[in-house]
Amino acid sequence: MKGIFPIEKFKTLQTPFYYYNTDLLRSTLELVKSEAGKYGYHVHYAVKANANQKILTIIRENGFGADCVSGGEIKACLEAGFPANKIVFAGVGKADWEINLGLDRDIFSFNVESAAELAVINELAEAKGKVASVALRINPEVDANTHAYITTGLKENKFGINLCQLESVLDLFATLKNVKLVGLHFHIGSQITDLSSFQSLCTRVNEIQESMYKRQMIVEHINFGGGLGIDYHNPDRQAIPDFQAYFAIFNKHAKLRPSQQVHFEPGRSIMAQCGSLISQVLYVKEGSSKRFAILDAGFTELIRPALYQAYHQIENISNDEAVEMYDVVGPVCESSDCFGKEVELNKVHRGDLIAIRSAGAYGEIMASQYNCRQLPKAYYSDTL
Ligand SMILES: *Cc1c(COP(=O)(O)O)cnc(C)c1O
């Protein structure tokens with residue numbers, strides 16, 4: 001699949017850099033819109049996956065809302081033109097200035113993760129003479145069957161209000177005048193490829209809703225979060241994830257009242273396949289039992305392999321010579337700075353360009369300057 005990259009143009013650019021396929025992004029957004037549109041679902045893009053202004057602008061132009069987890073992300077979204085009433089703000093540790101920013105801009109909702117946070121939002125809203133719209137993030141205690149670091153919906157995770165505390169938080173709500181309960185929010189984890197986890201989430205949400213009906217409570221919005229996984233092993237086989245099956249699960253299993261609006265917050269599934277990290281081979285080093293391809297990109301540009309033992313497909317896009325085995329590593333002074341062990345690559349030479357695929361989500365945005373390295377640049381298929 002060397003054909004998908006403009007190699008001649010790449011040769012004129014300083015590596016390492018991120019390359020985004022904006023055509024694929026637009027097709028992905030079209031599909032999400034049409035599949036979610038079938039059921040009238042609302043979609044807020046999870047900004048933490050990738051917050052480049054150009055990416056945010058394309059997503060905003062397609063009518064999506066934004067799911068933010070920091071004041072910085074709210075600012076980035078406002079700058080990209082998202083209307084404040086399409087911004088939701090989640091996160092287990094919101095600072096006062098971040099809450100105040102959300103209040104000043106009248107964002108759509110605060111997804112609140114604890115009783116302590118609810119009290120602070122009430123207090124800050126009162127000081128401004130406002131009433132904050134709040135969705136309670138509930139920890140549904142559903143296993144997402146994914147990597148431990150990206151599982152969020154288990155009892156031991158720091159996220160959300162535990163089921164056993166829900167009653168007391170609802171009681172607290174009744175005593176606070178400057179917060180209004182508009183919804184329930186759930187997010188069980190990321191890179192979920194077993195869709196039955198989402199069915200389990202629906203079952204749990206149905207139970208919670210039943211218990212709330214008993215208190216004569218029907219919230220207006222139910223937010224199922226994000227988490228749909230992508231195929232890291234075959235980035236070209238299914239470049240657009242199966243959003244049809246994904247939304248159909250919720251349509252089939254979630255029991256909703258007619259007045260209730262349904263929301264989703266996909267991040268990875270929208271962005272991951274749209275980006276690759278492009279790097280150059282600095283050296284081929286023969287070890288005692290191994291051969292290393294040493295790249296000019298490291299975990300400073302893409303930390304997922306080091307952080308989550310994540311797999312990314314790696315390709316030599318410069319030539320077609322017979323395949324050999326390499327450990328593909330970066331220049332950073334840490335042994336974890338390794339993109340893949342025993343990777344089959346077309347024979348590698350100094351100067352060859354290497355593409356690390358499926359890096360559009362949680363790639364560039366997690367870059368660091370460790371070892372005083374420069375942050376990577378980004379280029380886009382429609383403007384290169
Ligand atoms: C990270 C996150 C998302 C997006 O998750 P993806 O796996 O990228 O789809 C959605 N909602 C919340 C609250 C999140 O923290």
Pairs with Cβ under 6 Å, 6+ apart, first in region 170-183 and under 17 Å from ILE222 (Cα atoms), second modelled with pLDDT of 95 or more and surrounded by fewer than 17 Cβ atoms within 10 Å (Cβ to Cβ) | LYS180/VAL131; VAL182/GLU220
Given the conditions (1) crowded, with 17+ Cβ neighbours inside 10 Å; (2) closer than 18 Å to THR146 by Cβ; (3) touching a Leu at 6+ places or on another chain (Cβ under 9 Å), report the number of the one that GLU265 does not fulfil.
-> (3)
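Give the residues of region 1-36 that are basic (Lys, Arg) and either touching a strand residue (DSSP E or B) at 6+ places or on another chain (Cβ under 6 Å) or part of a loop (DSSP other than H, G, I, E, B) (or both), sorted by residue number. Talk me through it step by step, then tell me what you get.
We begin by selecting, within region 1-36, every residue basic (Lys, Arg); these are 2, 9, 11, 26, 33.
Scanning region 1-36 gives a single hit, LYS11.
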Every residue from region 250-303 that is within 16 Å of the ligand (Cβ to nearest atom) and assigned to a strand (DSSP E or B) = VAL262, HIS263, PHE264, GLY275
Given the conditions (1) more than 16 Å from the ligand (Cβ to nearest atom); (2) touching a Pro at 6+ places or on another chain (Cβ under 9 Å); (3) not β-branched (Val, Ile, Thr), report the number of the one that PHE186 does not fulfil.
-> (1)
Limited to region 304-330, what total is found for residues that are within 19 Å of TYR232 (Cα to Cα), assigned to a strand (DSSP E or B) and β-branched (Val, Ile, Thr)?
-> 3
Pairs returned, first residue in region 355-368 that is assigned to a helix (DSSP H, G or I), second residue that is more than 13 Å from the ligand (Cβ to nearest atom), beta-carbon separation under 6 angstrom, 6 or more apart or interchain, are GLU364/TYR18; MET366/ILE303
May I ask you to verify whether LYS180 is closer than 23 Å to HIS263 by Cα and within 13 Å of the ligand (Cβ to nearest atom)?
-> no
For residues that are in contact with a strand residue (DSSP E or B) (Cβ under 9 Å, 6 or more places away or on another chain), of a type in the set (A, V, I, L, M, F, W, C) and in contact (Cβ under 8 Å) with a residue 60 or more places away in the chain, scanning just region 204-245, find the one that is surrounded by the fewest Cβ atoms within 10 Å (Cβ to Cβ).
-> ILE208
Report yes if some residue within region 37-45 is farther than 29 Å from ASN111 by Cβ and assigned to a loop (DSSP other than H, G, I, E, B); otherwise report no.
-> no
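Suppose we filter region 205-223 for residues that are among the basic types (Lys, Arg) and either under 18 Å from the mean Cα position of the chain (by Cα) or within 16 Å of the ligand (Cβ to nearest atom) (or both); how many remain?
Narrowing region 205-223 to residues among the basic types (Lys, Arg): 214-215.
Then drop every residue that is not either under 18 Å from the mean Cα position of the chain (by Cα) or within 16 Å of the ligand (Cβ to nearest atom) (or both), which leaves none.
Qualifying residue count, region 205-223: 0.
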Out of the residues in region 134-165 that are within 11 Å of the ligand (Cβ to nearest atom) and at pLDDT 85 or above, which is nearest to SER109 (Cα to Cα)?
-> ALA135
Failed condition for VAL328, given (1) of a type in the set (A, V, I, L, M, F, W, C); (2) surrounded by fewer than 22 Cβ atoms within 10 Å (Cβ to Cβ); (3) away from the ligand (no atom under 16 Å from the Cβ), with all others met?
-> (2)
Residues of region 331-375 classified as more than 16 Å from the ligand (Cβ to nearest atom), within 20 Å of ILE4 (Cα to Cα) and under 28 Å from the mean Cα position of the chain (by Cα), total = 5
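Out of GLU344, GLU286, GLU321, GLU334, I need the residue that is under 27 Å from THR12 (Cβ atoms), acidic (Asp, Glu) and not assigned by TED's automatic domain parsing to the domain that holds ILE230. Which one? Please lay out each step first, then the result.
Values: GLU344 fails: under 27 Å from THR12 (Cβ atoms); GLU286 fails: under 27 Å from THR12 (Cβ atoms); GLU334 fails: under 27 Å from THR12 (Cβ atoms).
One residue alone meets the criteria, GLU321.
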Taking the stated definitions as given, is HIS253 modelled with pLDDT of 95 or more, surrounded by 13 or more Cβ atoms within 10 Å (Cβ to Cβ), under 23 Å from the mean Cα position of the chain (by Cα) and not hydroxyl-bearing (Ser, Thr, Tyr)?
-> no
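Name every residue in region 189-204 that is within 14 Å of the ligand (Cβ to nearest atom) and not hydroxyl-bearing (Ser, Thr, Tyr), in order of residue number.
Restricting attention to region 189-204, the residues satisfying the condition of being within 14 Å of the ligand (Cβ to nearest atom) are 189-195, 197-198, 201.
Result: GLY189, GLN191, ILE192, ASP194, LEU195, PHE198, LEU201.
The values are calculated or read from the model by the stated rules, or taken from the named source; none is laboratory data. Just so you know, these numbers come straight off a predicted model, no measurement behind them. Every residue, glycine among them, receives a Cβ derived from its backbone with ideal geometry; neighbour counts consider all protein chains shown.
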